[in-house]
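Visitor: Before I ask anything, here is the structure I am working with.
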Amino acid sequence: MYYVVMPSNDIRRNLATEQYLMNQKHFDEPLLLFYIEKPCIIVGRNQNTFEEINQQYVEDHNITVTRRLSGGGGIYQDLGNLCFSFVVDADSEQFGDFKSFTQPIVDALHQMGATSAEVSGRNDMLVAGKKFSGNAMYTKNGKTFSHGTLSWDVDLDVLTQALNVPADKIASKGIKSIRQRVTNFKPHVDSQYQNMTTEEFRDVLLLNLFHATDLAAISDRQYQLTDADQAGIDQLFNDIYSNWDWVYGKSPNSTVQKRQHFDFGTIDARLLIEQGKIANVKFYGDFFGSGDANELAKQLQGTIYDRQHLTEALADIDTTPYFTGIPKTELVTLLAQ
């Protein structure tokens, strides 16, 4: 097995690296990737980004949002999370068999004293009955990668606010909130490991997986990215993972309802979002205005559905005739939150 420790803390660049190495490089043994990110949300390939994230919270806290190639649900990561990815020939593993990929990780974690860690359900890893890892898989052109998270010391309070987790998904787990379901792995290891940084945790895990005593002993197993690799990764970063259309525009068409009571009346906005843009919007409510709100609705058609573009679209429009007594900034917040 070979391994790569990604130098970047940008999830978009790390996903680009994973895709590049899977598609463009050919190794005669499985490849293991490790990467750590600044605060970010990664939605699954088939998810509606707008529905998965708390847009206002994400914007206020500068959380990067991107989409991955694999399916599954949205996840939050920060510098307290370690990601891993195994890249193998597609015919060497059955697609969807997460246990074959995650069991070596679990075995390595057991060596750190967390003997209750286990593979559970469809694609999770649990410790003491709580989730600390989610996994997803993707295959193309004879290659498969299975990647997952390892919550070492993640800010779980941010996680619960940044993600919109459907109530039925939580209910299906028999608990009342996402905060009750997830945990960090750090408190469950032996005391000698509990003061480690995420990077130190990664290195111990790496040594356990390779059954080695120090990194120098496995230096010949480490693949170093070349300048040509970096150029290919840069292109994927720009064309896909930092591309608005990939992150938001690929979301399935959806209808969104935004309702809020203001001192001067209630606005109930119904928006049709197609390819990440407002295709149509209808305003209902008991608000007052001398103008016809449908006129404003027409001017919003074609606007990219996020706070920045809504603000720009309304910048030169006086909304007072449509919504008397309701400030434009609060209207934008209602529509974009």
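Visitor: Quick one: which strands (runs of 3 or more DSSP E) sit completely within segment 65-129 and have at least 2 residues that are touching a His at 6+ places or on another chain (Cβ under 9 Å) and modelled with pLDDT under 90?
Guide: On the way: elements: 75-77, 81-89, 118-120, 124-127.
Passing ranges: none, list empty.
Visitor: Just checking, which of Thr266, Thr319, Thr255, Thr329 is outside any loop (DSSP other than H, G, I, E, B) and modelled with pLDDT of 90 or more?
Guide: Thr329
Visitor: Among the residues of segment 136-147, is there at least one that is at pLDDT 90 or above and at positive phi?
Guide: Looking through segment 136-147, none of the residues is at pLDDT 90 or above and at positive phi.
Visitor: Out of Phe34, Phe27, I need the residue that is under 22 Å from Leu209 (Cβ atoms), in a strand (DSSP E or B) and open to solvent by less than 60 Å² (accessible area, probe 1.4 Å). Which one? Spell out the reasoning first.
Guide: Working: Phe27 fails: in a strand (DSSP E or B).
Criteria check complete, one pass: Phe34.
Visitor: With within 30 Å of the chain's Cα centre (by Cα) and surrounded by 18 or more Cβ atoms within 10 Å (Cβ to Cβ) as the only criterion, which of Ile326, Ile278 stands out?
Guide: On the way: Ile326 fails: within 30 Å of the chain's Cα centre (by Cα).
So the residue among Ile326, Ile278 that is within 30 Å of the chain's Cα centre (by Cα) and surrounded by 18 or more Cβ atoms within 10 Å (Cβ to Cβ) is Ile278.
Visitor: Still on this structure, I have one more. With the checklist (1) in contact with a helix residue (DSSP H, G or I) (Cβ under 6 Å, 6 or more places away or on another chain); (2) in contact (Cβ under 8 Å) with a residue 24 or more places away in the chain in hand, flag the one item Ser133 doesn't pass.
Guide: Evaluating Ser133 over (1) in contact with a helix residue (DSSP H, G or I) (Cβ under 6 Å, 6 or more places away or on another chain); (2) in contact (Cβ under 8 Å) with a residue 24 or more places away in the chain leaves (1) as the failure.
Visitor: Could we say that Thr160 is open to solvent by 40 Å² or more (accessible area, probe 1.4 Å) and under 15 Å from the mean Cα position of the chain (by Cα) here? Let's see the steps before the verdict.
Guide: Numbers: open to solvent by 40 Å² or more (accessible area, probe 1.4 Å): yes; under 15 Å from the mean Cα position of the chain (by Cα): yes.
Criteria met by Thr160.
Visitor: Something else about it: Return yes or no: is Gln56 farther than 21 Å from Thr183 by Cβ, at pLDDT below 95 and not in a strand (DSSP E or B)? Don't jump to the end; show me each part of the working.
Guide: Values: farther than 21 Å from Thr183 by Cβ: yes; at pLDDT below 95: yes; not in a strand (DSSP E or B): yes.
Yes: the conditions hold for Gln56.
Visitor: Further question on the same structure: Under 9 Å between Cβ atoms, which residue pairs at least 6 apart in sequence (or on different chains) link something in segment 313-337 that is farther than 19 Å from Tyr57 by Cβ with a partner that is exposed (fewer than 14 other Cβ atoms within 10 Å of the Cβ) and among the aromatic types (Phe, Trp, Tyr)?
Guide: Once the first residue is farther than 19 Å from Tyr57 by Cβ and sits in segment 313-337, its partners that are exposed (fewer than 14 other Cβ atoms within 10 Å of the Cβ) and among the aromatic types (Phe, Trp, Tyr) give Phe323/Phe288; Thr324/Phe288; Gly325/Phe288.
Visitor: Specify which of the listed residues (Asp220, Asp190) is open to solvent by 90 Å² or more (accessible area, probe 1.4 Å), modelled with pLDDT of 90 or more, charged (D, E, K, R) and under 30 Å from Tyr2 (Cβ atoms). Please lay out each step first, then the result.
Guide: Details: Asp190 fails: open to solvent by 90 Å² or more (accessible area, probe 1.4 Å).
Checking each option against the conditions leaves just Asp220.
Visitor: If we scan segment 48-62, do we find a residue that is open to solvent by 20 Å² or more (accessible area, probe 1.4 Å), within 14 Å of Leu159 (Cα to Cα) and of a type in the set (A, V, I, L, M)?
Guide: no
The values are calculated or read from the model by the stated rules, or taken from the named source; none is laboratory data. Just so you know, these numbers come straight off a predicted model, no measurement behind them. Note that we place each Cβ from the backbone using ideal geometry, even for glycine, and neighbour counts take in every protein chain shown. The accessibility values were calculated without ligands, DNA or RNA, using every heavy atom of the protein model including side chains. Shrake-Rupley method; radii C 1.70, N 1.55, O 1.52, S 1.80 Å.
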